[in-house]
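Inspection log for the structure reproduced underneath, given as C-alpha cells.
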Amino acid sequence: MDTMKILKPFDAHVHLRDGELLRAVVPFTARQCWGAIAEPNLKPPITTRAQARSYADRITAAAGPDFVPFVLAYFTDTLDPQEFVDGLTEGDFFGVKFYPRGATTNSENGIEDVSLLWTRGTRQFDIIEATKTTRGVVQLHGEANFTKGGEELDPYDKETYFYTEIMPRLQDAHPQVKFSGEHITTSEAAAYARKNGGEYFGVSVTAHHLLIDRRDVYRGGYHPHSFCLPVVKRVRHTEALHELLYGDHSFVWAGSDSAPHDWKNKESECCSGGVFSAPAMVELYAQAAENIGLQKLALERFLSRNAPAFYTLTPPQEYITLEKTLWDFLGHIEYGDSPTDYVRYWDYPELKWRMKYD
Ligand code: DOR
Ligand code: ZN
C-alpha cells in the first residue's frame, strides 16, 4: 500500500495559543483537521462567554472559514455557574477543562481541592452536573499533585494516582456526565478506560506518547523538546497504550496536545512542558499506527471517527491522502518581530508517511 485515503481528522486536544503565535501555528492544524478542541489555558484563562466567542473568532480569522474551533471554559474555583450554563447552551463553550492547580503550563488558576468535584453543594460539583443537560463535556487533565494525606506525588505517579483514587470517585458522583481523560500515558489509565470506556468516558492519546518512552527522553542527555505533561513514562506504559490502540475501541481517539513554546523557554534552565507536533500530527500518528500494526480503518476511526461520535459531531465528508515516503520531521516556525522568536518542531526522524497537499 503506497497511499492511504482517510476521512479528515479531528484533533480533540490542541493548544493554539493567541496573538502572533496563534496565527503562526493554527494553519498547521487547519490543513490536516476539519476541526479541533482548543484548550483554554491562555493568559488570562477563558472563563467568560465573551472571551470564548472572541477567541473562536480569532482562531477562525487565522485558520480560515473551513476550520471549526470548539472552545472550552477553564475550570477555575471561581468559574460562574450561570455564565458557564449560558455559554454551553448558546454554544460559546463546548465544555469545561479541569486542571489540578499547578500541574502544567498556565494551570495556576486550576482547581485547588479536587474533592470539591464530588462534594454536593459546591460550585465545582454543580458545574460538572450542568454539563448533563447542556450536552457539554468535562475534559480532564488526569493528574494529581498531592495524595489525600497531603504528600506531594512523584511526577511519574501523578496520573496513576488520578486514575486509581480520583477518577472512580468522579464517575460515581456524576454517573451521566461525559468525561474525557486527556493525553493518557500509563497502563493504569489504559486499564481504567478499558473498564469504563463508552458513552460517558473516553480518552485521548497523543502521538508522542505512542512514539517514545522515557529512555528516549534521557538518551545521551536530556531532550527538552520531548518534555511534556504528563511526563513520558517507562516503556511498559508506552506498550500499554499500544495495546489499547490495538484494541480499536470507540472510546479511544487522537488528541495531539500540540503545545508550542518559544525555544528560549524549552532550552533553558527551566524547561516549559509541551511538544509542538501540529505540523506533522497526522504523519506522527500514522507512524505510531505502523509501529503498532494498526490497520488503516482502525487508524481512521482513531483519528477521524471516534472523537466526533463521542462528542456528537458530524465530520464533513472530506478526505486526506497520505503517501508512503521517508522523511525527517525537523524545522521551526518564526513568529513575532525578531528572528530569535521561534518554536522548534518536536524532532522525529524517519517518518514513513507524508500527507499530500493539493
Ligand atoms: O505538555 C503540556 N503542555 N501539557 C499540558 O497539559 C499543557 C501544555 C501547554 O499548554 O504547554
Ligand atoms: Zn494539553
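Identify the single condition in (1) out of contact with any Lys or Arg (no Cβ under 9 Å at 6 or more places or on another chain); (2) among the aliphatic types (A, V, I, L, M); (3) under 12 Å from Ala278 (Cα atoms); (4) within 16 Å of ligand 1 (Cβ to nearest atom) that Ala30 does not satisfy, given that it satisfies every other one.
All conditions are met except number (4).
Could you tell me whether Asp216 is within 13 Å of ligand 2 (Cβ to nearest atom), among the charged types (D, E, K, R) and under 25 Å from Asp154 (Cα atoms)?
Values: within 13 Å of ligand 2 (Cβ to nearest atom): no; among the charged types (D, E, K, R): yes; under 25 Å from Asp154 (Cα atoms): yes.
Considered against the rule, which asks whether it is within 13 Å of ligand 2 (Cβ to nearest atom), among the charged types (D, E, K, R) and under 25 Å from Asp154 (Cα atoms), Asp216 comes out as no.
Looking at segment 71-80, which of the residues that are more than 15 Å from the chain's Cα centre (by Cα) and within 25 Å of Glu143 (Cβ to Cβ) is farthest from ligand 2 (Cβ to nearest atom)? Break it down into steps so the answer makes sense when it comes.
Initial filter on segment 71-80 (more than 15 Å from the chain's Cα centre (by Cα)): 75-80.
Narrowing the set further to residues that are within 25 Å of Glu143 (Cβ to Cβ) leaves 75-79.
Values: Phe75: 14, Thr76: 16, Asp77: 20, Thr78: 22, Leu79: 18 Å.
Taking the candidates together, the pick is Thr78.
Given (1) within 21 Å of Ser180 (Cβ to Cβ); (2) in contact (Cβ under 8 Å) with a residue 40 or more places away in the chain; (3) in contact with a helix residue (DSSP H, G or I) (Cβ under 7 Å, 6 or more places away or on another chain), where does Arg123 come up short, assuming only one miss?
Exception for Arg123: condition (1).
Could you grab me the full set of residues in segment 95-135 that are away from ligand 2 (no atom under 16 Å from the Cβ), within 22 Å of the chain's Cα centre (by Cα) and acidic (Asp, Glu)?
Listed by number, the list holds a single entry, Glu112.
Provide a single number: the residues in segment 33-58 that are buried (at least 23 other Cβ atoms within 10 Å of the Cβ), part of a loop (DSSP other than H, G, I, E, B) and more than 16 Å from ligand 2 (Cβ to nearest atom).
Pass one, segment 33-58, residues buried (at least 23 other Cβ atoms within 10 Å of the Cβ): 33, 35-40, 46, 52.
Narrowing the set further to residues that are part of a loop (DSSP other than H, G, I, E, B) leaves 33, 39-40, 46.
In the following step, the residues that additionally are more than 16 Å from ligand 2 (Cβ to nearest atom) were identified as none.
Matching residues across segment 33-58 total 0.
Given the criteria in a helix (DSSP H, G or I), surrounded by fewer than 22 Cβ atoms within 10 Å (Cβ to Cβ) and on the phi < 0 side of the Ramachandran plot, does Ala298 qualify?
Working: in a helix (DSSP H, G or I): yes; surrounded by fewer than 22 Cβ atoms within 10 Å (Cβ to Cβ): yes; on the phi < 0 side of the Ramachandran plot: yes.
Criteria met by Ala298.
On the basis of being open to solvent by 10 Å² or more (accessible area, probe 1.4 Å) and not in a loop (DSSP other than H, G, I, E, B), does Glu269 make the cut?
no
If a residue has to be open to solvent by 50 Å² or more (accessible area, probe 1.4 Å) and assigned to a loop (DSSP other than H, G, I, E, B) to count, how many in segment 1-27 make the cut?
Matching residues across segment 1-27 total 3.
If a residue counts only when it is touching a residue at least 40 places away in the same chain (Cβ under 8 Å) and buried (at least 19 other Cβ atoms within 10 Å of the Cβ), which helices (runs of 4 or more DSSP H) contained entirely in segment 165-265 have at least 1 such residues?
Working: elements: 167-173, 187-196, 207-211, 214-218, 235-246.
So the answer is 167-173, 187-196, 207-211, 235-246.
From Phe310, Phe302, Phe276, which residue is within 16 Å of ligand 2 (Cβ to nearest atom), of a type in the set (Phe, Trp, Tyr) and touching a residue at least 12 places away in the same chain (Cβ under 8 Å)?
On the way: Phe310 fails: within 16 Å of ligand 2 (Cβ to nearest atom); Phe302 fails: within 16 Å of ligand 2 (Cβ to nearest atom).
Result of the check over Phe310, Phe302, Phe276: Phe276.
Out of all the residues in segment 321-349, which are among the acidic types (Asp, Glu), under 17 Å from Phe276 (Cα atoms) and assigned to a strand (DSSP E or B)?
From segment 321-349, those among the acidic types (Asp, Glu) are 323, 328, 334, 337, 341, 347; that's our starting set.
Now narrow it down to the ones that are under 17 Å from Phe276 (Cα atoms): 328, 334, 341, 347.
Asp328, Glu334 - these are the residues of segment 321-349 that are among the acidic types (Asp, Glu), under 17 Å from Phe276 (Cα atoms) and assigned to a strand (DSSP E or B).
Can you name the condition, by its number, that Ala30 falls short on among (1) outside any loop (DSSP other than H, G, I, E, B); (2) surrounded by fewer than 18 Cβ atoms within 10 Å (Cβ to Cβ)?
(2)
Report, ordered by the first and then the second residue, all pairs with beta carbons closer than 7 Å, sequence separation of six or more or different chains, a first member in segment 26-42 that is under 22 Å from Glu334 (Cα atoms), and a second member that is assigned to a loop (DSSP other than H, G, I, E, B) and among the acidic types (Asp, Glu).
Partner pairs satisfying both residue conditions: Leu42/Asp18.
Between residues in segment 50-64 that are farther than 20 Å from Tyr335 by Cα and residues that are open to solvent by 30 Å² or more (accessible area, probe 1.4 Å) and not acidic (Asp, Glu), which pairs lie under 8 Å by C-beta distance while being six or more apart or on different chains?
Here the result reads Gln51/Pro44, each pair linking segment 50-64 to a residue that is open to solvent by 30 Å² or more (accessible area, probe 1.4 Å) and not acidic (Asp, Glu).
Of everything in segment 96-123, what is more than 16 Å from ligand 1 (Cβ to nearest atom) and closer than 26 Å to Ala36 by Cβ? Give them in sequence order.
Hit for segment 96-123 is Leu117, nothing else.
The values are calculated or read from the model by the stated rules, or taken from the named source; none is laboratory data. Computed from a predicted model, the values in this text were never measured in an experiment. In this analysis, Cβ positions are derived from the backbone assuming ideal geometry, glycine residues included, and neighbour counts consider all displayed protein chains. Each accessible area value is taken on the protein alone, full model and side chains, heavy atoms only, with ligands, DNA and RNA left out. Shrake-Rupley method; radii C 1.70, N 1.55, O 1.52, S 1.80 Å.
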